[in-house]
Amino acid sequence: MTNVEPPTYVPAHGLLRGRTAVITAAAGAGIGGATARRFLEEGARVLISDAHTRRLKEHEARLVEEFGADAVTATACDVTDEDQVLALFDTAVRLHGRLDVVVNNAGLGGTSDLVDMTDEQWSKVLDVTLGGTFRCTRAALRHMRDTGGGVIVNNASVVGWRAQAGQAHYAAAKAGVMALTRCAAVEAAGYGVRVNAVSPSLAMHPHLAKVTTPELLAELTAREALGRYAEPWEVANVIVFLASGYSSYLTGEVVSVSNQHP
């Protein structure tokens, strides 16, 4: 295993200047929060959303202080609630006049062996992770179809491809996100909308550290060819690429943000 130090934070290049974006599950220090920051640094106007209202407002305040109230707003949204999803996208269009980019980052994990998993555990993970991505994609496509274009980036996971004990519900949901991405891309191409996904392996953030044992984190890290986990902003950089004009001929793809050994 090769140990490589994390790269220096990449400076912005204005890749999303003038774009408007909605990012779900964007409060906190994970991939969603890192993506919101990277989008703002690249010149986008961003509506961040999260089901955790207090955490969302705190994150909004930090971003507004740094980037200004014209650049960032926040709306609470539970992606399992269709009315809240519709209100989220209606708000984005009302505030900004159009919708250019949507990042579907909301998801719910958990660990349970299949033989002990309850119907409730299965359904809850599927409803948030796959159902939420479906609802938000559907709402976004309705707006983008009418305005003639846009980009959707979904957050999948390497467990949608690779088996991991205790993750049957999450893996099934993320594999579903991959399939949804491909089908949505084919349907949306006719009205100028691109749909892609990222598939991260191990991106470290405080919440993951709280819900994962040190032993499992060490095991997962050891699988990485570079000998380290990803920083959330490294995944966000790939999302920026997929949202930008640099990926203008890319749709229906799942991009692995991973360096795991086979």
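For segment 142-156, filtering for residues that are at negative phi and either crowded, with 20+ Cβ neighbours inside 10 Å or touching a Pro at 6+ places or on another chain (Cβ under 8 Å) (or both) leaves 7. Considering V79, V93, the condition of being touching an Asp or Glu at 6+ places or on another chain (Cβ under 9 Å) and within 17 Å of L141 (Cα to Cα) is satisfied by V79 alone.
Do the conditions hold for S248, that is, is it in contact with a Ser or Thr (Cβ under 6 Å, 6 or more places away or on another chain), on the phi < 0 side of the Ramachandran plot and either surrounded by fewer than 16 Cβ atoms within 10 Å (Cβ to Cβ) or modelled with pLDDT under 95 (or both)? Steps first, answer last, please.
On the way: in contact with a Ser or Thr (Cβ under 6 Å, 6 or more places away or on another chain): no; on the phi < 0 side of the Ramachandran plot: yes; either surrounded by fewer than 16 Cβ atoms within 10 Å (Cβ to Cβ) or modelled with pLDDT under 95 (or both): yes.
Answer is no for this residue.
For G109, the test of being at positive phi and either modelled with pLDDT of 95 or more or not β-branched (V, I, T) (or both) is failed.
Taking the criterion of being of a type in the set (D, E, K, R) and part of a loop (DSSP other than H, G, I, E, B), the residues of segment 58-117 that qualify are D70, D78, D81, R98, D100, D113. Note on segment 118-171: residues that are part of a helix (DSSP H, G or I) and at pLDDT 95 or above amount to 31.
In a residue-by-residue description of segment 58-74, the property of being at pLDDT 95 or above and under 19 Å from V198 (Cα atoms) applies to no position.
Selection of segment 59-77 for residues being under 18 Å from T133 (Cα atoms) and either of a type in the set (A, V, I, L, M, F, W, C) or surrounded by fewer than 17 Cβ atoms within 10 Å (Cβ to Cβ) (or both) yields A76, C77.
The values are calculated or read from the model by the stated rules, or taken from the named source; none is laboratory data. Owing to the predicted nature of the structure, the values given are computational and were not obtained by experimental measurement. Please note: Cβ atoms are built from the backbone with ideal geometry, for glycine as well, and neighbour counts cover all protein chains shown.
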